[in-house]
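Read through the structure below, which is laid out as structure tokens, and then see the notes.
The values are calculated or read from the model by the stated rules, or taken from the named source; none is laboratory data. Here the structure is a predicted model, which means the values were calculated and not measured. Neighbour counts are summed over all protein chains in view; Cβ atoms, including those assigned to glycine, are modelled from backbone coordinates with ideal geometry.
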Amino acid sequence: MKTTYIYDPIHGSIPLQGVMLELMGHPLVQRLWGIRQTGMAHLVFPGSSHTRLEHSLGTRWVVREMASRLGRPSEEALALEIAALLHDLGHTPFSHSLEPALVESTGENHEDRTGQLIRGNVPFKMASFGAGIQGYRAPSIPEVLEKHQVNPQSVVRLLGARTPGKAYLRELLHGTIDADRLDYMLRDAHYTGVAHGVIDMSRILATLGLRDDHVAFFEKGRAAVEGFLLGRSLMYSSVYFNKTVRIAETMLLSAVERHPEFPSIGEELLSGTDGQLLTALSNTSGISREISSRLVSRVLYKIAFTSQAGSLRRLDHYRNHPSERRTLEDDLAHQLKGVPGEVLVDIPPRLELPGDDVRMIGEGGQCYRLLARDPVLSRLVGRSPSPWRLAVYVTPRLLTRAQARGARALERLLPS
């Protein structure tokens, strides 16, 4: 069987053959070369220009190692590898940055859309990838899988609902310490230069085990597990929720939301690559065009003020009802004598880190929950990655006025 090797700076030479090699060449997978892994983080960490496809390749390599160490049957391992390679197919340009716009415009998140693509339900814009090349017809993802005797639905199940009786199958891709997180921690740390994500993956893999059909780790790997949990928490606060990254991602989201044809044009805007999206925004008019120009030139909005106040229920309401949040933004802009789009309200998502507790296998073979046993570690890794519940960003010309009057205006519009 033909084997092709791709050199990866994180994991070394990654072999591809058979169905993996054919999937790698599929246009929908190749689209991921054009999507940055860390959204707008490159505006703060210039090296972080790595892509979703690099991460997908790495996740596939990690889950292969995990399945091998657990002695899983070849058919299970292959399904896991395919799911790992395809798990990010449905991402929008700039990855998670535009997830709210995708949900608002299509009613689906990127995981839903990934499942649709694996089943062969391809949006019109995505179907154009690979089209227009003389003598070339790209097969659908299901056609590739079925050619190699793989059921597409079995792959989708690994990325969605839990697999009855085999919880470990889903946990290897969607657990607290899984192939996805193991890869992006190391990869993002490498490209951003932020050392918090440099984890001891070899030790984690070496101490991987199973108990009662769940992923667990032997006691001798506890230090590596604790390092992973702490590193993930620190990467969130220092990279993914960095204040300047949040400003840029909020601006990008606003540029899409305030496109004259949004939300009807959402599917088209969000089915391409980073470059295609920025081109589309630059070719429109009004505030969307101005914001996209600011992002390309790195002329960003400024923090007017932040707040830890406000009802969580009210903040969740605005987060889940973006049209009402935009109305709030425009009311604030009016009070500050600005125009719609000059004031942006950022309500960071409420993350529960690290998610499910980690199962550890003690010296006597008994299984215990690490965070339940260590409340100090639990508090450290479960802290909020954002220093505020709400932030307001404005164009530089409104900054002085917003700092003087904005907090009081917000209090009137958003009571506790």
Taking helices (runs of 4 or more DSSP H) that do not extend beyond the stretch 279-380, which have at least 1 residues that are in the same structural domain as LEU98 (by TED's automatic domain parsing)? none
Positions within the stretch 197-226 being touching a Ser or Thr at 6+ places or on another chain (Cβ under 6 Å) and not hydrophobic (A, V, I, L, M, F, W, C), in sequence order: LYS220, GLY221
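Is there a residue in the stretch 6-20 that is part of a helix (DSSP H, G or I), in contact (Cβ under 8 Å) with a residue 24 or more places away in the chain and closer than 25 Å to PHE124 by Cβ? Even if it seems obvious, please write down each step before you answer.
So in the stretch 6-20, the residues part of a helix (DSSP H, G or I) come out as 18-20.
When the remaining residues are screened for being in contact (Cβ under 8 Å) with a residue 24 or more places away in the chain, the result is 18-20.
Within this subset, residues satisfying the condition of being closer than 25 Å to PHE124 by Cβ are none.
No, there is no match, as no residue in the stretch 6-20 is part of a helix (DSSP H, G or I), in contact (Cβ under 8 Å) with a residue 24 or more places away in the chain and closer than 25 Å to PHE124 by Cβ.
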List every residue pair whose Cβ atoms sit under 8 Å apart, with the two residues 6 or more apart in sequence or on different chains, where the first one lies in the stretch 33-45 and is free of Cβ contacts under 8 Å to residues at least 60 places away in the same chain and the second, anywhere, is among the small types (Gly, Ala, Ser). HIS42/SER48; HIS42/SER49
For THR38, which of the numbered conditions (1) buried (at least 20 other Cβ atoms within 10 Å of the Cβ); (2) in a helix (DSSP H, G or I) fails to hold? (2)
If we keep just the residues of the stretch 46-74 that are more than 21 Å from GLY209 (Cβ to Cβ) and free of Cβ contacts under 8 Å to residues at least 24 places away in the same chain, which is surrounded by the most Cβ atoms within 10 Å (Cβ to Cβ)? THR51
Under 8 Å by Cβ, and 6 or more places apart or on different chains, what pairs join a residue from the stretch 121-145 that is hydroxyl-bearing (Ser, Thr, Tyr) with one that is assigned to a loop (DSSP other than H, G, I, E, B) and loosely packed, with under 15 Cβ neighbours inside 10 Å? SER140/GLY120
Please enumerate the residues belonging to the stretch 1-13 that are of a type in the set (A, V, I, L, M) and surrounded by fewer than 18 Cβ atoms within 10 Å (Cβ to Cβ). MET1, ILE6
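Which residue out of ALA127, ALA138, ALA131 is among the small types (Gly, Ala, Ser) and either exposed (fewer than 14 other Cβ atoms within 10 Å of the Cβ) or modelled with pLDDT of 95 or more (or both)? Steps first, answer last, please.
Working: ALA127 fails: either exposed (fewer than 14 other Cβ atoms within 10 Å of the Cβ) or modelled with pLDDT of 95 or more (or both); ALA138 fails: either exposed (fewer than 14 other Cβ atoms within 10 Å of the Cβ) or modelled with pLDDT of 95 or more (or both).
None of the others qualify; the one that does is ALA131.
One line per residue, one yes/no per condition, for (1) part of a helix (DSSP H, G or I); (2) closer than 30 Å to TYR318 by Cα:
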residue	(1), (2)
GLU76	yes, no
GLU99	yes, yes
GLU104	yes, yes
GLU111	yes, yes
GLN116	yes, yes
VAL122	no, no
PRO139	no, no
LEU169	yes, no
Condition set modelled with pLDDT under 90 and closer than 17 Å to PRO396 by Cα, scope the stretch 290-311, selection surrounded by the most Cβ atoms within 10 Å (Cβ to Cβ): answer is THR306
Looking only at the stretch 247-264, how many residues end up being surrounded by fewer than 21 Cβ atoms within 10 Å (Cβ to Cβ) and free of Cβ contacts under 8 Å to residues at least 40 places away in the same chain? 2
